[in-house]
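Student: There's a structure below that I have some questions on.
We did not get these values from a lab; they are worked out from the coordinates using the rules stated. Keep in mind the model is a prediction, meaning the values are calculated, not measured. Here the Cβ is made from the backbone with ideal geometry for all residues, glycine too, and neighbour counts use every protein chain on show.
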Amino acid sequence: MNEISRDAILADVTEVIRDIFDEYEGPVTPDLNAAKVPQWDSLAHVQLMVLLEKKFGIRFKMSEIQSFKNLGDVIASIENAQER
Amino acid sequence: MLSNVSLEREPAPVTLTNEAIDHYCLSIRRLASQQLGTQEQLRLEQLAKAALRGGVLQKFRPIRLGLLSNRTMSYLISPLLAAGLSRGLLLKAYEAPFDTAALFTLSAQNPFPEDLDAVVIALDEAAFNREGALLDQESERRDVHAAHQYLLQTRDAARKKLNCPTIVATQPDLANRLGSGDAMNPGSTSRFINRLNVMIADGAANGDWICWDLSSLAARVGSELWFDPGQFFVAKTNFRIELAPLIADHLSSVVAAMSGEAGRAIVLDLDNTLWGGVIGDDGLSGIRLGQNSAEGEAYATFQKFILELKRRGVVVTVCSKNNDEIAREPFKTHPDMVLREDDIAVFQSNWNDKATNIKAIGDKLGLGLKSLVFIDDNPAERERVRQELPLVAVPEIGDDPTQFVSRICKSGVFDHVLLNVDDLGRALSYEARAKAAEICAVVGNYEEYLASLRMKMTIARFDKIGRPRITQLISKSNQFNLTTLRLNEEQVRAIEEDPSRMCWQVRLDDRFSTHGIIAIVIVHKSQSEWRIESWLQSCRILERGVEQTLMNEIMRAAAGAAVTRVVGTYIPTDRNAMVEQFYPKLGFTRGSDGVDEAGVQYECNPSGYRTLPSFMEVLHL
């Protein structure tokens, strides 16, 4: 796993997070998850997934969408998809 | 150029002066009218939500919608707010909790807040209890009949619980097919959906509800793109959520049409819009129009489309930077012109800038800027008009004539709910108004002019046939409206039968045209006193002496009922200053009730009323 590419992905993910959770002002780090962001409900989760798919030109599998525990998992999946 | 609103993240406005609010609302409307990418769209929605919380969207017309579906509609709520803004509406949507659609129809429960303007019913085939027996045409017929009954029952529930009209969505045909065999097999899901949609359209034609033709949008997008099985299983949506802004915009055009906010007049550029080339340079024989080339045929087809709009009641006008005589020449003599000079209600051809001319066209027709749609192939002119006149709709038609028709259709600016005969007559009436203004200049003496119009007023009680137009007038008239009393169609229906009220719909004809219903009066009657609860008139027939004649009729009726006091109220709004002196001008005096928050009271004793001069014949039905 490449630290540099992960940082780049995190920067792009952060932009989407800021757009979708406009009321959240805390830090965006790999351990961020729905429990820490009040706006992050199940509806917003699907919306977040769709925005990320669009931004990175990838598709998450349904099983992935439901198993991500935090942003770190999401970033790993994006990195994986990009390497493939 | 967006001076004080942008999509960069910024805090919500807190307090603004009135003038700043005007400006803010126009800016946000302009912003909402642009085509946005996914993230920009999200920012627009958040900006709109913040502005809504900040209470600075009062220039938009508030409309409250209930969303009732057997699938998730939540993703439409924010996009609806954003989509409405581009059409001058503040669309607040409320979704019934998941899986409560049947509960709404079949029980007394009501998940919605009070005061909805409409309930949107979007039920897919799974919401209906079907036999679905294969190869059985009778069973298929029963299934469609049952679905119809169920929708009527849902409509009735909306009527009873919320007293508001319903909008029923046609359903995208997303059925998986084994092949063409499913089209031949009664009982297949795809056949059911197709019949369901025909039934929904027929119901709308019958006046049972308003139809939102969602399936046509899905067909345009394509069902492969429309539906994402993954999202369906995760989020229970039956459309791809990236499409939410498009779907919301489609619904907002129906709501705009229902609320009388759709385009009523088209303002056309000429060169490279109605024909190829520049008439001033290329001359009559040089412009490209008609059967000789693909380009010429495309322009002729576009002109036929304009005529179709005219048949649907849209007023056709021209706004061109040209010498007037040269600009009219093709209309008079070009053999391939589809539009002729008498199709054009106002012909504004000079060297003034377009914004000024568009304003002049609105004035001549007596229409507000928000009713105008500007069509021009030149992107610079479109942008200029958007900047100067944000209320005018300016669809992005591009500069390729083969695309004009589809792009105008897709913009939804001319979407309409059920047309009535009055709508069709209205185009004629606006034209007549422009012509009558010319005659007035010739005649000179205004009384003679009024007499020369040979006007006929017809007064009737509210009835079923007039109800849609009555509701339209009551829900949208702002300027010539004494009390701005708003009623929806269900409330109008209820008031028709109220014995303590006299509800008049007033029609006007003259030798130029049939104006349709142009005035509404609602009077509450008690033994000794009549109160005029609502008096509104269409601004198309100002200065015709309609109000004088109508007041004569009311006072005659009041005198006949031995009433000693008729009370009228003026409730000021920021739009109706034109009728501030309405009652004093008609001989009323300031009432003993004085001024309170309910407005300014005026009164008159019918026995002391001096009949006012009238220039029309009156007929009571």
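Student: Expressed as a rounded percentage, what relative contact order does the stretch B:160-311 have, with Cα pairs under 8 Å and six or more residues apart?
Tutor: 15
Student: Taking the Cα centre of the protein assembly as shown as the origin and placing charges on Cβ (Lys, Arg +1; Asp, Glu -1), which of B:Ser500, B:Leu270, A:Gly57 is farthest toward the positive end of the dipole?
Tutor: Result: B:Ser500.
Student: Say the dipole of the stretch B:286-339 comes from +1 at the beta carbon of Lys and Arg and -1 at that of Asp and Glu; which of B:Val316, B:Leu339, B:Tyr299 then lies farthest toward its positive end?
Tutor: Of the options given, the answer is B:Val316.
Student: Run the dipole for the stretch B:194-247 about the Cα centre, Lys and Arg Cβ at +1, Asp and Glu Cβ at -1, nothing else charged, and hand back the magnitude in debye, nearest 20.
Tutor: 100
Student: Just tell me how shielded B:233-239 is by partners: mean number of partner chain Cβ atoms within 10 Å of each residue's Cβ, no decimals.
Tutor: 3
Student: I would also like to ask the following. Under 15 Å from the Cβ of B:Ala218, count the other residues' Cβ atoms, weight Lys and Arg +1, Asp and Glu -1, and hand me the total.
Tutor: Spelling it out: positives minus negatives among the neighbours equals -4.
Student: So, one more: Can you work out ³J(HN,Hα) from phi for every residue in the stretch B:270-275, in order, using Karplus 6.51 cos²θ - 1.76 cosθ + 1.60 and θ = phi - 60°, giving whole Hz and x for Gly and Pro?
Tutor: Listing the rounded values in order: 9, 4, 6, 10, 9, 8 Hz.
Student: Summing +1 for each Lys or Arg and -1 for each Asp or Glu, what net charge is found among the other residues whose Cβ lies under 15 Å from the Cβ of B:Leu619?
Tutor: +1
Student: Across the stretch B:221-226, in residue order, what do the Karplus-derived ³J(HN,Hα) couplings come to in whole Hz, using 6.51 cos²θ - 1.76 cosθ + 1.60 with θ = phi - 60° and x for Gly and Pro?
Tutor: 6, x, 5, 4, 7, 5
Student: What size of dipole, in debye to the nearest 20, comes out for the protein assembly as shown about its Cα centre when the only charges are +1 on Lys and Arg C-beta atoms and -1 on Asp and Glu C-beta atoms?
Tutor: Result for the protein assembly as shown is approximately 1740 debye, rounded to the nearest 20.
Student: Let me ask something else about it. Count charges around B:Asp336 for me, please; just the other residues with Cβ under 11 Å from its Cβ, Lys/Arg as +1, Asp/Glu as -1.
Tutor: With Lys, Arg at +1 and Asp, Glu at -1, the net is 0.
Student: Another question, then. Name the shape class, rounded, prolate or oblate, that the alpha-carbon gyration tensor gives for chain B, where a ≥ b ≥ c are the square roots of its eigenvalues, rounded holds for a/c under 1.5, and otherwise prolate holds if a/b is larger than b/c and oblate otherwise.
Tutor: oblate
Student: Who wins for biggest fluctuation among A:Glu64, A:Glu25, A:Glu15 in a Gaussian network model of chain A, springs between alpha carbons below 10 Å?
Tutor: A:Glu25
Student: List the aspartates and glutamates whose alpha-carbon lies under 15 Å from that of B:Lys354, not counting same-chain residues fewer than 8 positions away?
Tutor: Of all the aspartates and glutamates, those that pass the test against B:Lys354 - Cα under 15 Å, at least 8 places apart if same chain - are B:Asp269, B:Asp271, B:Asp324, B:Asp363, B:Asp376, B:Asp377, B:Glu381, B:Glu383, B:Glu388.
Student: Only helical DSSP H runs with n ≥ 4 go in: add -39500 (n - 2.57) per run for chain B, normalise by residue count and round the 222 nm mean residue ellipticity to 500 deg cm²/dmol.
Tutor: -12500 deg cm²/dmol
Student: For the stretch B:155-204 and the stretch B:325-339, what is the separation of their C-alpha centers, rounded to whole Å?
Tutor: Centre-to-centre (Cα) distance: 46 Å.
Student: Here's another thing I want to ask about it. Name the residue, out of A:Leu43, A:Leu71, A:Leu52, whose mean-square fluctuation peaks in a Gaussian network model built on chain A with Cα pairs under 10 Å.
Tutor: Looking only at A:Leu43, A:Leu71, A:Leu52, the biggest GNM fluctuation is shown by A:Leu43.
Student: Sticking with this one: Would you tell me the mean number of C-beta atoms belonging to other protein chains that fall within 10 Å of each C-beta in B:41-49, as a whole number?
Tutor: Averaged over the peptide's residues, the number is 2.
Student: Right, another one. Taking beta carbons within 10 Å but only from partner chains, what does the mean come to for residues A:10-21?
Tutor: 2
Student: Out of all DSSP beta bridges with both ends in the protein assembly as shown, state the antiparallel percent to the nearest 5.
Tutor: 45
Student: Per-residue counts of other Cβ atoms within 10 Å, averaged by peptide: what ranking do you get for B:531-543, B:81-93, highest first?
Tutor: B:81-93, B:531-543
Student: Let me ask something else about it. If you count the DSSP beta bridges with both ends in the stretch B:61-258, what percent of them are antiparallel, to the nearest 5?
Tutor: If I count the DSSP bridges inside the stretch B:61-258, around 0 percent turn out antiparallel.
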